[in-house]
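Report on the structure given below.
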Amino acid sequence: MEKTHFKTIIIGGGSAGYAAARTACETDPDCAVIDSSPELGGLCILRGCMPSKTLIYSAEVLHHIKHSASFGLPVFPEIEVDMQVIKKRKNASSLNFPTTGKNNSKMANSPYSETEQNSLEKKKSN
């Protein structure tokens, strides 16, 4: 039977909800995160800020390369942009968030990923 009662319940699995659940579980692991999305992280981490910032940074690097002569670093005028690599980097940006992608735990009663849970167990046993 699945556990249905918790001492602490965090509503929303975005950045703030995840941080709140992490803090709550440091003092009492009897907590849960409730979110309607199939993956935690929220709009900012999964589809907003993080992916956008990776695209913006790629554009900034391109800008610096195109204007490198002003820094005393002249380069060839033609620069090839590989959008597949840029998109891959953008998509990977959200995988670094502890509750998305490959790090996604089942969240039965902890906001921590499986790796973080294992680390906590080691700390408790020491």
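The values are calculated or read from the model by the stated rules, or taken from the named source; none is laboratory data. Predicted model only: the values in this text are computed from it and were never measured. In this analysis, Cβ positions are derived from the backbone assuming ideal geometry, glycine residues included, and neighbour counts consider all displayed protein chains.
A few remarks follow.
Quick grid of which residues meet (1) part of a helix (DSSP H, G or I); (2) modelled with pLDDT of 85 or more; (3) surrounded by 14 or more Cβ atoms within 10 Å (Cβ to Cβ); (4) more than 17 Å from the chain's Cα centre (by Cα):
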| residue | (1), (2), (3), (4) |
| --- | --- |
| M1 | no, no, no, yes |
| Y18 | yes, no, yes, no |
| C25 | yes, yes, yes, yes |
| S37 | no, no, no, no |
| I45 | yes, no, yes, no |
| T54 | yes, yes, yes, no |
| S58 | yes, yes, yes, yes |
| H64 | yes, yes, no, yes |
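- Qualifying positions in segment 3-16 - on the phi < 0 side of the Ramachandran plot and not in a strand (DSSP E or B): K3, T4, H5, F6, K7, G13, S15, A16
- Yes/no for P29 being part of a loop (DSSP other than H, G, I, E, B), surrounded by 14 or more Cβ atoms within 10 Å (Cβ to Cβ) and modelled with pLDDT under 90: yes
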